[in-house]
Amino acid sequence: MRKRKLAMVAAGAAVLMTLAACSGTPSTPSKTTSSAPKGTIEYSWWGGSARNDVTQAVIDLYQDKYPKVTVKGTTTDFGSYWQKASVQAAGKNLPCVPQMQNRTMADYADRGSLMPLDNLVKSGAIDTSNIPKNVLDNGRGSDGKLYMIPYGVAFGALMVNQTQVESLGFDVPDKGYTWDELKTLLTDIHDKTGNVVTQLFGGNQDLFEAWVRGNGQDLFNKEGKLGFSKKTLANFWKYSEDLRKAGISDSAARASEIVSQAVEQSDFSKGLQQVREWPANGLATIQSTIDVAHPGDKIIAELLPEGSKGNGAALWASGLSISANCDNVSTAASFINFFVNDKQAALAFKSDNGANTQTKNLKALLASPDTTPAKKDELNLYKSLVDTGVRPAVYKKGYAAVFSNGGGMINRYYQEVAFGKLSIDAAVDQLFEEANGQLG
Amino acid sequence: MTRTSTLEGRMRRAGGLLVTPERAAAIKRRRRRDNLSAFGFLTPWMIGIIVIVLGPMLASLYLSFTNYDLIGTPSWIGLDNYKRMFTADSRFLHSVSVTVTYALVSAPAILVFSLLLALFLNKGIRFLAVYRSLFYIPSLLGASVAISVLWLQVFGGDGMFNDVLRLFGIKHGSWVGDPNTALGTVITLAVWTFGATMVIFLAGLRQIPESYYEAARLDGTNAWQRFWHVTFPSLTPVIFFNGLLVVVHSFESFTPAYVISGGTGQPADSLLMYTVYLYQRGFVDYQMGYASALAWILLLALAIIAGLIFWSSRYWVYYGEDS
Amino acid sequence: MTTTAVRPTQRPSRLIPRRPTKNRILAAWARHAVTIAILVIMLYPIIWMVDASFRPNALIGGNVPFTGPFTLQNYIDGLTPTSTLNFGLYFVNSFAIAALCVLGNLIACTLTGFAFARLEFPFKRVLFALVMGTLLLPYQVTLVPQYIIFNKIGWLNTFLPLVAPKFLAVDAFFIFLLVQFIRGLPRDLDEAARLDGCGNWGIFRRVILPLLGPAIATTAMFTFINAWNDFLGPTLYLSDPSKYTVPQGLAMFVDSTGQSSYGSLLAMATLSIAPLIGFFLAAQRLLTQGIATTGIK
């Protein structure tokens, strides 16, 4: 009996092994003939309730246009989205259209979970002619192939409470301001108010990226390892430490306790701080929160400071991909094409997840009376950024492990510095050792 | 019917007694029927254990010897994961120390607190049902997102706890954000949700026959003696159960630290519980092979601890069935 | 360890029952006071949460509880179905899943617990060690292989991966609980029943089950609560929003990348505790039934 049971167990395990190893070979993409889309596809995205509403509006429009198609939408919050996606990818079970972000896409694209879209673009199934090339290229993987069609672009912005800053007698930063000028402004405000002016900088992935790229370096190099120097990181942390020790930025404890806090609950959104970094597409949200918490304050969004080599802005694109195991590629392609290009859809989505990448739709949104002033500010800022040209960034595997706010190495090691457990140089050395050991 | 000359030769042993072959066969049949009956009771469990538990467990054991990155295919690397854990991973050792500290403090706290309250409430106080339900409410909030909001409200720099302290003239910063005190807030959260343990103690107390107490009272014992000679012994199976589970759960604790630190173990890794570290390695760093190895080390450690507790139970747990 | 050997008493015990003295009443009051004091401290966060759920702009102001502006808007916002959010439906789903889990656990774990506690069979100790072993493995690691299995048998996007395992006694916690409780019951009743001609099934049904009231209530309650609060399982296995459960709905209110609705979150979180308390109170009656007599006589 025991032997039999052991054999059963071993057999079960063996079966499982083969299941896991070859659970579904990627299906060869069906020929993209120009037949009308039909069948069912699944589209997954992340977001809160507001995002869900506008996304569903787009899905409804698409299904009105193509009644033979069913688009099953599934959504969850940003944090769980990636956990679920990675398990689905492990089971070769990603939805046909998984939403992706260029920063974290490499973990999927490099491992073969996503389908290259170049052929679909070439055949015209997905029309990308109205997306600027340097924006479209954000959807490329390490091998140069296109894995994601970006539909919304976010970028880091400096949110400034213009009303409060000016009432204190200072000016908001001018276009092209530098990090040192920002520091001076923050110090001046602090000297006047005696309060904390802004958030803690040292663990923030957006600010760090702007710092690195403003110095002409990159987060990753071609081999997938760290693309910046130890000195760059050390200087960034020193900058942050100066602010922290002077009481100009949040304390380390404060920064840690608000790690899960949504931006509307932040001190900046309640009018208690005057400056804050946040992706530009959050401007409308913050403004509406301030309108309740501290009515009368106007928030503006500016580009992040310039470094020695100019502007370090990077584009963070969210977009739609097709999973390697998708069984209805033509419909998936048609849905993506609709999402990105259709004017009605763009207006319904209200550019909720970053600035709309499609130039014609962007113009339509700017012209539309439904678009709020704050949203228009963001879109204009985006336009100016793209017009000046943004050096493309390539994100490699392991982005989240190294950079993500909260859990990434940058924040983790910075906390050791900020809580006084490690010196800056020691922390930099250890980070480089750990990161480069893991990356590439 | 008796065969004299070959009787002894044909006698069989059954349960230490000499019996006739027919009786031996009958006993054997009976035993087989008993076994079949037992396995009948066990059928659901056996199916479940093989398909849902053992299969994945063995798969994860296999994965612990690979460099599985969750999305690609695993390839064998032998003992590298285990070697790395003990020689090249200071965060691993740190997570062990955080978890052990947490377990050593929270497990006794939960047990003692639950037992005291259960005894207290078992005295037939009026509104017992209401009180019991109210004490249980905190553990109902579970893993809800609301907990992180709540805990910040209470233990944050501007939180309610500090408001109370200020009344006494004590000023303090954030309890949640300070690496020295953050684990304390998580332990508090664990103790706050003690309701389940208390309910089990109450159920155990309820199962002690009243007749035992009456007999003890007739003997002229006082309350403490009654507790020590009636309540405690009868309660030992439940204490053993709760104790084992609270200890095991505290080593496996994930949700409170995860929710409060946003899944990161911050501030400064002070909340890096072992399972949080495991989760990070597996799902954020895509090092699922390493995470599997971590899980199996935890399993081994828990097996040893549970084994010790089980072995010790022989000396202090009293089962009613052995009366 | 015998504890209740009756010795002849040395002096007569009190024959006249005591009248409740002032000390007694004070003691009772003191007990109530202490309990309430502890309760207030413990429940204050929850009181705060319930209070905040009735306030506009829930987290912005520092409000004193039970005073000031109240509104039902958060509840209305939370319960109003939108195109992607339908809390009424989530309550139904959560309830269905939790109820099925309770049923599964009660059936499977009592059967299994009885076998381990009362019956003899080969490899019993090994198998019980296996039961305890499953208690020790962290779920994060079997997560992916289990997902692959359920994917292969086509159970994705159904309730089955969440419910079916309960019918197969995978919850070692409750097996262990029931084993401990059953072992606490004297065997005399079993033997009496056996003399009456009961087989194992008869003993299980007629002797053991009725005496397991508190353990069954405990199992039912905890299973319900764990199933209700489970977030990871439903997130992994349910992709159709119309099948979502309450915790998933709650998570949709707070998102770090978009706009959050804290008011609705607190309102729905408050509401989501209500069924749990209800279930708890309903199970109380079973819980309070002790063994009134040993039943031997």
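State whether one or more residues within region A:343-354 are more than 14 Å from every other protein chain (Cβ to nearest Cβ) and not in a helix (DSSP H, G or I). No, region A:343-354 contains no residue that is more than 14 Å from every other protein chain (Cβ to nearest Cβ) and not in a helix (DSSP H, G or I).
Please determine whether any residue of region B:154-163 is crowded, with 22+ Cβ neighbours inside 10 Å, under 26 Å from the mean Cα position of the chain (by Cα) and not small (Gly, Ala, Ser). No - not one qualifying residue is present in region B:154-163. If the condition is being within 7 Å of chain B (Cβ to nearest Cβ) and either surrounded by fewer than 21 Cβ atoms within 10 Å (Cβ to Cβ) or outside any helix (DSSP H, G or I) (or both), then region C:177-198 contributes C:183, C:184, C:185, C:186, C:187. If only residues of region A:82-93 that are within 12 Å of residue C:239 (Cα to Cα) and open to solvent by 10 Å² or more (accessible area, probe 1.4 Å) are counted, the one that is farthest from the other protein chains (Cβ to nearest Cβ) is A:88.
For region A:384-404, state whether one or more residues are over 24 Å from residue A:146 (Cβ atoms), modelled with pLDDT of 85 or more, surrounded by 19 or more Cβ atoms within 10 Å (Cβ to Cβ) and not assigned by TED's automatic domain parsing to the domain that holds residue A:42. The answer is yes, given that some residue of region A:384-404 is over 24 Å from residue A:146 (Cβ atoms), modelled with pLDDT of 85 or more, surrounded by 19 or more Cβ atoms within 10 Å (Cβ to Cβ) and not assigned by TED's automatic domain parsing to the domain that holds residue A:42. Checking B:248, B:259 one by one, the residue that is under 23 Å from residue B:194 (Cβ atoms), in contact (Cβ under 8 Å) with a residue 40 or more places away in the chain and open to solvent by 20 Å² or more (accessible area, probe 1.4 Å) is B:259 and no other.
For the criterion of being among the charged types (D, E, K, R) and surrounded by 22 or more Cβ atoms within 10 Å (Cβ to Cβ), residue A:110 fails. Can you spot a residue in region A:305-319 that is out of contact with any helix residue (DSSP H, G or I) (no Cβ under 7 Å at 6 or more places or on another chain) and free of Cβ contacts under 8 Å to residues at least 60 places away in the same chain? Within region A:305-319 (the criterion being out of contact with any helix residue (DSSP H, G or I) (no Cβ under 7 Å at 6 or more places or on another chain) and free of Cβ contacts under 8 Å to residues at least 60 places away in the same chain), the answer is no, since none of the residues qualifies.
Let's see how each residue does on (1) open to solvent by 20 Å² or more (accessible area, probe 1.4 Å); (2) away from every other protein chain (no Cβ under 12 Å):
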site	(1), (2)
C:71	yes, yes
C:80	yes, no
C:86	yes, no
C:89	yes, yes
C:93	no, yes
C:100	yes, yes
C:116	no, no
C:124	yes, no
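Would you check if residue A:63 is more than 7 Å from chain C (Cβ to nearest Cβ) and either under 24 Å from residue C:235 (Cα atoms) or open to solvent by 30 Å² or more (accessible area, probe 1.4 Å) (or both)? Yes: the conditions hold for residue A:63.
Can you work out which of the residues in region B:195-218 that are of a type in the set (Gly, Ala, Ser) and more than 7 Å from every other protein chain (Cβ to nearest Cβ) is farthest from the chain's Cα centre (by Cα)?
Kept after step one, since they are of a type in the set (Gly, Ala, Ser), are these residues of region B:195-218: B:195-196, B:203-204, B:211, B:215-216.
Still in the running and more than 7 Å from every other protein chain (Cβ to nearest Cβ): B:195, B:204.
Working: B:195: 14, B:204: 17 Å.
Among them, the one singled out is B:204.
Take the conditions at positive phi and at pLDDT 85 or above and apply them to residue B:78. Does it pass? Yes.
Here the condition is being more than 25 Å from the chain's Cα centre (by Cα) and part of a helix (DSSP H, G or I); of C:264, C:239, it holds for C:264 alone.
Does residue B:64 fit the bill of being touching a residue at least 40 places away in the same chain (Cβ under 8 Å) and within 25 Å of the chain's Cα centre (by Cα)? So residue B:64 passes the test. Would you please list the contacts, defined by Cβ atoms under 7 Å and residues six or more apart or on different chains, that run from a residue in region C:145-170 that is assigned by TED's automatic domain parsing to the domain that holds residue C:220 to a residue that is open to solvent by 50 Å² or more (accessible area, probe 1.4 Å) and not in a helix (DSSP H, G or I)? What qualifies is C:161/C:155. Tell me, yes or no, whether region B:251-260 has at least one residue that is at the interface with chain A (Cβ under 10 Å from one of its Cβ atoms) and not hydroxyl-bearing (Ser, Thr, Tyr). Yes, region B:251-260 has at least one match.
Suppose the filter is in contact (Cβ under 8 Å) with a residue 60 or more places away in the chain, more than 14 Å from chain C (Cβ to nearest Cβ) and either open to solvent by less than 20 Å² (accessible area, probe 1.4 Å) or of a type in the set (Lys, Arg) (or both); does residue B:98 pass it? When the stated conditions are applied, residue B:98 passes them.
Could you please let me know if residue A:153 is out of contact with any Ser or Thr (no Cβ under 9 Å at 6 or more places or on another chain) and either open to solvent by less than 40 Å² (accessible area, probe 1.4 Å) or assigned to a strand (DSSP E or B) (or both)?
no
May I ask you to verify whether residue B:174 is buried (at least 17 other Cβ atoms within 10 Å of the Cβ) and at pLDDT 90 or above? No; evaluated as a whole, the condition is false for this residue. Just one of the listed residues (B:193, B:231) is open to solvent by 20 Å² or more (accessible area, probe 1.4 Å), in contact (Cβ under 8 Å) with a residue 40 or more places away in the chain and polar (S, T, N, Q), and it is B:193.
Can we say residue C:230 is within 12 Å of chain B (Cβ to nearest Cβ), within 26 Å of residue A:94 (Cα to Cα), touching a residue at least 60 places away in the same chain (Cβ under 8 Å) and open to solvent by 40 Å² or more (accessible area, probe 1.4 Å)?
yes
Go through the residues of region A:138-147 one by one and say whether even a single one is within 17 Å of residue A:45 (Cα to Cα), of a type outside the set (Gly, Ala, Ser) and crowded, with 24+ Cβ neighbours inside 10 Å. Within region A:138-147, one or more residues are within 17 Å of residue A:45 (Cα to Cα), of a type outside the set (Gly, Ala, Ser) and crowded, with 24+ Cβ neighbours inside 10 Å. Which members of region B:42-101 meet the condition of being among the charged types (D, E, K, R), part of a loop (DSSP other than H, G, I, E, B) and farther than 28 Å from residue B:250 by Cβ? Across region B:42-101, the qualifying residue is only B:69. Of the numbered criteria (1) at pLDDT 90 or above; (2) within 15 Å of residue A:203 (Cα to Cα), the one residue A:260 fails is (1). Quick check, is residue B:276 farther than 21 Å from residue B:176 by Cα and in the same structural domain as residue B:202 (by TED's automatic domain parsing)? Considered against the rule, which asks whether it is farther than 21 Å from residue B:176 by Cα and in the same structural domain as residue B:202 (by TED's automatic domain parsing), residue B:276 comes out as no.
Being touching a Leu at 6+ places or on another chain (Cβ under 8 Å) and assigned to a helix (DSSP H, G or I): is that true of residue A:417 here?
No, not satisfied.
When A:138, A:134, A:93 are screened for being out of contact with any His (no Cβ under 6 Å at 6 or more places or on another chain), assigned to a loop (DSSP other than H, G, I, E, B) and at pLDDT below 90, only A:93 passes. Candidates in region C:234-255 are the residues that are aliphatic (A, V, I, L, M) and either under 16 Å from residue C:275 (Cβ atoms) or at the interface with another protein chain (Cβ under 7 Å from one of its Cβ atoms) (or both); of these, the one that is surrounded by the most Cβ atoms within 10 Å (Cβ to Cβ) is C:252.
The values are calculated or read from the model by the stated rules, or taken from the named source; none is laboratory data. Quantities reported herein were computed from a predicted structural model and do not represent experimental measurements. As a convention, Cβ positions derive from the backbone with ideal geometry for all residues, glycine included, and neighbour counts pool all protein chains shown. Side chains are part of the model used for accessible areas, which takes the heavy atoms of the whole protein and leaves out ligands, DNA and RNA. Shrake-Rupley method; radii C 1.70, N 1.55, O 1.52, S 1.80 Å.
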